[in-house]
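As structure tokens, the structure follows; a few thoughts come after it.
We did not get these values from a lab; they are worked out from the coordinates using the rules stated. Note that the coordinates shown come from a computational prediction; the quantities given were computed from them, not determined experimentally.
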Amino acid sequence: MTTALSRSGPPPALAKALIATSEGVLAVEKLLVAAFMALVLALILLNVVTRYAGMPLYWVDEAAVYAMVWLTFLGGSALTRLRLDFAVTLLSDKLQKKNAERLQAFATFLAFLFSVSLAVMCWNWMDPMGIAAAGFDAREYAGESFNFLYTERTQTLDWPVWAISLIVPLFAVSMSLHTAANLVEELGFAPKKVRRDLTSAEGVN
């Protein structure tokens, strides 16, 4: 199935590779989303049982929050590729099909720019070159850069904050990949992938 912006002939090799990579990442994201949904449910049930028994585990609340954060970012990235993300169609519903497709391509391009910008910001924030130059000494790096990301730890789990925060750059990279794949399809370099089993976000898993 192609759009009004489609081009004749088979899709270029680069476009095919980009879409294949996006689909591979999507498959992994689906598995991780299911795993984190199960984990969040298990943590909530554990919290209820232990509190009812009068032996609350204080780390469970924090673990559930971080699991939900990872679930949210993973799900948001997957929904972007599935084209089930939120959209305001007040304007596009009133346009002709060809113009609506152009507007959709422009919106996808803006989403791509946002995700790439977020990836750049994450690179500057996590500064892998800087921490490597400091010999991976978090205290020395913090003293030189005033970036305390690698010295902070979570309150009850005592996990490194940088490890929890990895989901943000991962989201930025995966969303950049998915929006690029969507844009390639919308510009007609490859046919749009039809997912007949998905009509809403409820069918993602």
- When the chain is modelled as a GNM with alpha-carbon springs shorter than 10 Å, which of Ser77, Ser22, Ser165 fluctuates the most? Ser165
- Message: Could you compute how fast the chain diffuses translationally, taking Rh as the Kirkwood radius over C-alpha pairs and applying Stokes-Einstein at 10 °C with viscosity 1.306 mPa s? Give it in µm² per second.
- Response: 81 µm²/s
- Query: Quick one: Karplus J couplings for region 51-67, per residue in order, coefficients 6.51, -1.76, 1.60, θ = phi - 60°, nearest Hz, x for Gly and Pro?
  - Reply: 5, 5, 7, x, 10, x, 9, 6, 6, 5, 4, 5, 4, 5, 5, 5, 5
- Straight-line reach from Lys97: which lysines have a Cα under 24 Å away, not including same-chain ones fewer than 8 places off? Lys192, Lys193
- Message: Would you work out the Kirkwood radius for region 37-100? I mean one over the mean of 1/r across all pairs of different Cα atoms, in Å.
- Response: 14.8 Å
- With Cα atoms, 0 to 90° folded angle of helix 97-126 axis to the chain main axis: 30 degrees
- Item | Counting all C-alpha pairs of region 11-131, share separated by more than 16 Å (%) | 75 percent
- By how many degrees, 0 to 90 and rounded to 10, does the Cα axis of helix 167-186 deviate from the longest principal axis of the chain? 0 degrees
